[in-house]
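Data block below; observations after.
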Amino acid sequence: MTTIKDVRRQNMQTLAERFPSRAQFSEHIGKSPSQINQIIGKTPLKEVGHKVAREVEEVFGLPEGWMDTDHSVSAINETPPQYDLGHVDVYESDEPLHPSEIEVPFFTEVELSAGNGFNNVSEIATHQMRFNLSTLSNAGVAPSKAACCKVSGDSMEPVLPDGSTVGIDTNDTGIKDGKMYAINHGGMLRVKFLYRMPFNGLRIRSANPDYQDEEVSGETARDIRIIGRVFWYSVVL
């Protein structure tokens, strides 16, 4: 019988396999290589505890409970995993909002590229999405500072498959190493993991190990606008 200990270890192994080396995976989640080897090495000595599981989910922007769910092919075929992400719909009708809902600006890469700033993202958004207020409250995001955008391409797989929608806290623009942010990079919308570097430089990292890290000098980094931290995402499989 598969236990939650087995499931967490397998999920940790799956995430680690997305990186070129165990050392890079260890760095990404803020653990030492020896700690990771004790968990997913050939002869594991430790389990993936509740605290570590939640930390890994936070680093990768995964829903709480993802590490506790069996994502193997057989399990997915039997019962697709369900996550309580809060009620959210693309909103383009005149139907009144429910008292517990709020409209959140939703923009595309084209709309983003055309914008001149992000002090008020609603000025450049042509669509709205409905969010349950409790979803924003649980994430600690002020309703007036929330926005959504679409992710395209495979650079953030397996965390964010092509076509995913992410929720952004536009009030949270201070870079915390390893967190996921939406950025305007030369007029192009990108969602990446960011790391600070000496002399105000920036390391831009994709989730897909097929994409190499990008290191941007402090001078060049000034041209990158941080739109906000990703606090939520929705995936269509």
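The values are calculated or read from the model by the stated rules, or taken from the named source; none is laboratory data. Being a predicted model, the structure only gives us computed values, none of them experimental. Here the Cβ positions follow ideal geometry from the backbone for every residue, glycine too, while neighbour counts run over all protein chains shown. Just the protein is used for accessible areas: all its heavy atoms, side chains included, with ligands, DNA and RNA removed. Shrake-Rupley method; radii C 1.70, N 1.55, O 1.52, S 1.80 Å.
On a full-extension model of 0.36 nm per residue, what is the gain between Lys42 and Ser100, subtracting their alpha-carbon distance, rounded to one decimal in nm?
The Lys42-Ser100 span can extend by a further 15.9 nm.
Roughly how many nanometres apart are two label points built 7 Å out from the Cα toward the Cβ at Ser152 and Glu17?
Distance between label points: 3.1 nm.
Rank these by accessible area, largest first, 1.4 Å probe: Met156, Met188.
If we order Met156, Met188 from most to least accessible, we get Met188, Met156.
What full-extension length gain, to one decimal in nm, is calculated for Met188 and Ser34 as 0.36 nm per residue of separation minus the Cα-Cα distance?
Computed gain between Met188 and Ser34 is 51.6 nm.
Could you tell me, in Å, what Rg and Dmax come out for the Cα atoms of the range 117-223?
My reading of the Cα-based Rg and Dmax gives 14.5, 41 Å.
If I stretch the segment between Tyr211 and Thr3 completely, what's the gain in nm (0.36 nm per residue apart, minus their alpha carbon distance), one decimal?
Once the chain is fully extended between Tyr211 and Thr3, it gains 71.5 nm.
What does the charge count around Asp6 come to, taking other residues whose C-beta lies under 13 Å from its C-beta (Lys +1, Arg +1, Asp -1, Glu -1)?
Taking every other residue near Asp6 into account, the sum is 0.
Straight-line reach from Lys51: which lysines fall under 23 Å, measuring Cα to Cα and dropping same-chain residues less than 8 apart?
Lys5, Lys31, Lys42, Lys176, Lys179
Say R0 is 22 Å: what FRET efficiency, to the nearest 0.05, do Thr173 and Lys51 get from their beta-carbon distance?
Computed FRET efficiency for Thr173 and Lys51: 0.20.
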